[in-house]
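The structure appears right after this line, and notes come after that.
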Amino acid sequence: MEENNANEREEIFSERVRAGKRTYFFDVKATRSNDYYLTITESKRKYKEDGFTYEKHKIFLYKEDFDKFVDALNNTVGHVKEELLPDVDFSEFDRNKEVESTETSEKGSNTELKWD
């Protein structure tokens, strides 16, 4: 059991993004040698007869891949916005971000994500 606790590193920094039944967690953790890495976790609520459970999927992202990951994500999202859905006004989705931001501001937390 002690070995399992060693694998779960303390979070240095954490951001949460709520998206309907899914929540995304962006957590910075440290290795034993004080090197940092990012875990991205998707948590999806699933209803069962006796209540609900959470299905989780996790990605580990190491510093040497940060720039490649961000570039690929930005290129992919840009392609969808500009090429596949050019007529969609994505700013209409920002009102949810404003509501969430207001809720977290009241709690003293900032949820704005910055990739660059």
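Just so you know, all these numbers are worked out from the coordinates, no wet-lab data involved. These figures come from a predicted structure and were not determined experimentally. Because the Cβ atoms are built from the backbone with ideal geometry, glycine has one as well, and the counts that use them run over all protein chains shown.
Tell me whether the stretch 2-92 comes out rounded, prolate or oblate; compute the Cα gyration tensor, take square roots of the eigenvalues as a ≥ b ≥ c, and use a/c under 1.5 as the rounded threshold.
Oblate, since a/c reaches 1.5 and b/c is not below a/b.
Under the Karplus relation 6.51 cos²θ - 1.76 cosθ + 1.60, θ = phi - 60°, what is the ordered set of whole-Hz ³J(HN,Hα) values for the stretch 72-82, x standing for Gly and Pro?
Those phi angles translate into 5, 5, 4, 5, 5, 5, x, 4, 4, 5, 8 Hz.
Which of the pairs Lys21/Lys58; Lys21/Lys68; Lys56/Lys81; Lys21/Lys56; Lys21/Lys81; Lys21/Lys48 have their Cα atoms more than 18 Å apart in this structure?
Where the Cα-Cα span goes over 18 Å, the pairs concerned are Lys21/Lys68; Lys56/Lys81; Lys21/Lys81.
For each of Phe90, Phe66, count neighbouring Cβ atoms within 10 Å of the residue's Cβ, then give the residues from fewest to most.
Phe90, Phe66
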